[in-house]
Amino acid sequence: MPGQLLDGNLLSRKIRAEIAARAAIVTAKGVRPGLAVIVLGDNPASQVYVRNKVKACEDVGFHSVLERYSAELGEEELLARIATLNADPSIHGILVQLPLPAHIASERVLEAIAPQKDVDGFHIANAGALMVGHPEFKPCTPYGCMKMLESIEYPVRGARAVIVGASNIVGKPMAMLLLQAGATVTICNSKTRDLAHHTKDADILVVATGKPKMISGDMIKNGAVVIDVGINRLPDGKLCGDVDFDTAKYIAGWITPVPGGVGPMTITMLLMNTLEAAEKAVKP
Ligand code: GUN
């Protein structure tokens, strides 16, 4: 494989060791970082993600609370839980796992989380702060992708970056972070004409579409950094990304695997945001 692997597990281990050390320092000052995770319903993927998030908290010495509710929980009850967690001094980060059931207005729920506890960075105040260049919390997946670029000392300034997928969770905040780092950014969406024309021009290609293996090797520029945010389960039970790894690995200069690429980095940056929220709560 000519392309080098961008290993999210390896980088996560390094960053999580630093997080654990900093968590021990704030804990000694009487503020143990605390994360509350709320999940509604029994979507198997969401259940796995929230369990991984809570386990990661335990591993770095955080306090964590996992609240699981039925898919029928009412919006007002959910808002009341969030209000209680907003007022709880042992909780520094609150995360409501998405997607929420259809009867709940997700934006109302996200706006109910106190911005200073919004470790996902999804509150409109944090999205706005990111847009103008001084975010309180960077959304975890794009933040993790930037850390991966940093880990290989990739010269983002002046590079051509193409993002496939324009979601609020990944595509749009990713564009803002790359733009602020000096890249020339294109965001493609499901209506983009001649997608390959754009992707072949990318020095940095970030793919977050939820469509298994949609980007093949012939759509990639030689030597590009390819960051695959997708995680899809195939009918045979295997996991795959939005990039066709088997053809892309021969063309890319660097490529993230699925699993073991962006996934662990998302959780690592969630821990980092929670740690930083706790550090801000330490009285001088
Ligand atoms: N669902 C998929 N990704 C995410 C994420 O990063 N945060 C939350 N809260 N829900 C998600």
Note to self: Being closer than 29 Å to residue 19 by Cβ, within 16 Å of the ligand (Cβ to nearest atom) and at pLDDT 95 or above: is that true of residue 243 here?
What the structure shows: no
Margin query: Let me confirm something: among 265, 272, which residue is of a type outside the set (Gly, Ala, Ser), within 14 Å of the ligand (Cβ to nearest atom) and out of contact with any Lys or Arg (no Cβ under 8 Å at 6 or more places or on another chain)?
Written below: 272
Margin query: I'd like the full set of residues that are touching a Gly at 6+ places or on another chain (Cβ under 7 Å), of a type in the set (A, V, I, L, M, F, W, C) and more than 21 Å from residue 169 (Cβ to Cβ), limited to segment 70-108.
Written below: 91
Check: within 22 Å of residue 6 (Cα to Cα) and of a type in the set (A, V, I, L, M) - does that describe any residue in segment 195-204?
Finding: yes
Next item on the list: Just one of (1) within 16 Å of the chain's Cα centre (by Cα); (2) surrounded by fewer than 17 Cβ atoms within 10 Å (Cβ to Cβ); (3) among the small types (Gly, Ala, Ser); (4) at pLDDT 95 or above trips up residue 90, so point out which.
Entry: (1)
Notebook entry, point to check: Is it true that residue 133 is more than 10 Å from the ligand (Cβ to nearest atom) and on the phi > 0 side of the Ramachandran plot?
Noted result: yes
Notebook entry, point to check: When you go through (1) over 23 Å from residue 169 (Cβ atoms); (2) of a type in the set (S, T, N, Q); (3) in a helix (DSSP H, G or I) one by one for residue 273, which number turns out not to apply?
Noted result: (1)
Check: Can we say residue 163 is outside any loop (DSSP other than H, G, I, E, B), at pLDDT 95 or above and either in contact with a Cys (Cβ under 8 Å, 6 or more places away or on another chain) or among the charged types (D, E, K, R) (or both)?
Finding: yes
Notebook entry, point to check: Of all residues in segment 144-175, which are within 12 Å of the ligand (Cβ to nearest atom) and surrounded by fewer than 23 Cβ atoms within 10 Å (Cβ to Cβ)?
Noted result: 167, 168, 169
Checklist line | Among (1) farther than 30 Å from residue 51 by Cα; (2) touching a helix residue (DSSP H, G or I) at 6+ places or on another chain (Cβ under 8 Å), the one test that residue 222 misses | finding: (2)
Note to self: If I ask for residues that are of a type outside the set (Gly, Ala, Ser) and over 21 Å from the mean Cα position of the chain (by Cα), which ones from segment 181-202 would you list?
What the structure shows: 184, 191, 192, 193, 194, 195, 197, 198, 199, 200, 201
Check: Considering segment 241-267 alone, what residues qualify as being touching a residue at least 40 places away in the same chain (Cβ under 8 Å), surrounded by fewer than 22 Cβ atoms within 10 Å (Cβ to Cβ) and in contact with a Pro (Cβ under 9 Å, 6 or more places away or on another chain)?
Finding: 249, 250, 251, 253
Note to self: Quick check on this structure: which one of 93, 61 is within 16 Å of the ligand (Cβ to nearest atom), in contact with a helix residue (DSSP H, G or I) (Cβ under 6 Å, 6 or more places away or on another chain) and touching a residue at least 40 places away in the same chain (Cβ under 8 Å)?
What the structure shows: 93
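The values are calculated or read from the model by the stated rules, or taken from the named source; none is laboratory data. Model, not experiment: these values are computed from the prediction. Glycine gets a Cβ as well: all are built from the backbone with ideal geometry, and neighbour counts include every protein chain shown.
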